[in-house]
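Coordinate-derived values only; no laboratory data. Remember, predicted model here, so these are calculated numbers, not experimental data. Cβ: placed from backbone, ideal geometry, glycine included. Neighbour counts: every protein chain shown.
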Amino acid sequence: MSERSFLKRKWKLIVNVLTVVALVGLVYAVRHQLADTLANFAKVNLWVLLLLIPIQLINYDAQARLYGGLFKVVGNKLKYRFLFETSLELNFVNSVFPSGGVSGISYFGVRMRGRDITATKATLVHIMKLFLLFLSFEILMFLGVLALAIGGNVNDFVILLVGSLSTLMGVGTAGFVLIIGRERRIQATFTFITRLLNHIIHFVRPKHPETINLAKTRSAVYELHHNYKLIQSQYKELKGPFFWALVANAAEVAAVYVVYVAFGHWVNPGSVILAYAVANFAGLVSVLPGGVGIYEALMTGVLVATGVPAAVSLPVTVMYRVLNMLIQLPPGYYYYHRTLHGQNKPYEESHA
């Protein structure tokens, strides 16, 4: 039996095993944080902590509507329930598999295949979602700096931090638009990247000089550019998705703030906004699942720099992270596992 035949027949089992291993690794990585969180439970207001559940429901409701609005712009109308469940699955995949969000993009493309949506279109929609999330967070950062200014906590560090994050967002946005806006430019960029990757892979697999098919890449890039131009021509339709991106970001920040309130600390919301922004940016490059370690350290560091004592910020950050995972990962795994085994109901979509 050939290796390819074995992988084809056993791929579900292999993915299941890898998922369980990754999940066990995640639990092991946060074992000390989990113990600290359980120890601190007696000190918090459990009724306030319960607000995390409706806040996270608001977050995933906003993400589902954000996806729905973007798909509508490119000519597809998807059911709300399907998008809500897919958002939970994506969170599980991004939390368990350490890839800076790449796993989520790949999974999203596979998830959309049964909806008559190509992987290229799904990828563009996912990228546009991230773009709107980053763009809408600029508003929250402005409000955060304003709140810190009112509280007298704006210092050189805060100015540098906000300036750096805004510059990164601006340069990233400009680069994305510059490349994808012209077909010749995007073709040249992706052709170069594809050839470079093939050369690198060729060292490991000498018998496969073109692991990534260049012709297929060019076809996918053409479709990517075409769908981007479609979105660009209907930019006024992005008002709704932008609003839901803002709601999703606000819900995430509110979830962190609720844990502070549960601990009895009404800290400056600007501190939480900036700490959340820095931690999530850094989490994109972490080699550990969910950015474990880097996320907590940076969030705590930024909070301390903006006037929140470490004795307060560290236990709150740890509890937020653990509780957030306990709330989100189980339903995400359920829908992910159900999809993997083909048990999900065929939600039919109509095309606009």
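Pop the C-beta distance of Glu223 and Lys79 into the FRET formula with R0 = 25 Å and round what comes out to the nearest 0.05. Numbers along the way, then the final one.
Details: r = 24 Å, r/R0 = 0.95.
E(calc), rounded to 0.05, equals 0.60.
Which peptide among 109-120, 124-135 comes first, and what is the full order, when sorted by highest mean count of other Cβ atoms within 10 Å? It would help to have the intermediate numbers written out before the result.
Working: 109-120: 16.8, 124-135: 20.3.
Final packing ranking: 124-135, 109-120.
Packing-wise, with mean Cβ within 10 Å as the measure, how do 75-88, 295-308, 139-152 rank, highest first?
Taking the mean over residues of other Cβ atoms within 10 Å, the ranking is 295-308, 75-88, 139-152.
Could you pull out every residue, at least 5 positions away or on a different chain, whose amide H is within less than 5 Å of the one on Asn76? Hs are placed 1.01 Å off N in the peptide plane, and Pro or chain starts have none.
Long-range HN contacts for Asn76: Ala352.
With a 10 Å radius around each residue's Cβ, average the other Cβ atoms per peptide and rank 67-74, 46-53, highest first. Write out the running numbers ahead of the final one.
On the way: 67-74: 21.8, 46-53: 14.0.
Order by mean packing, descending: 67-74, 46-53.
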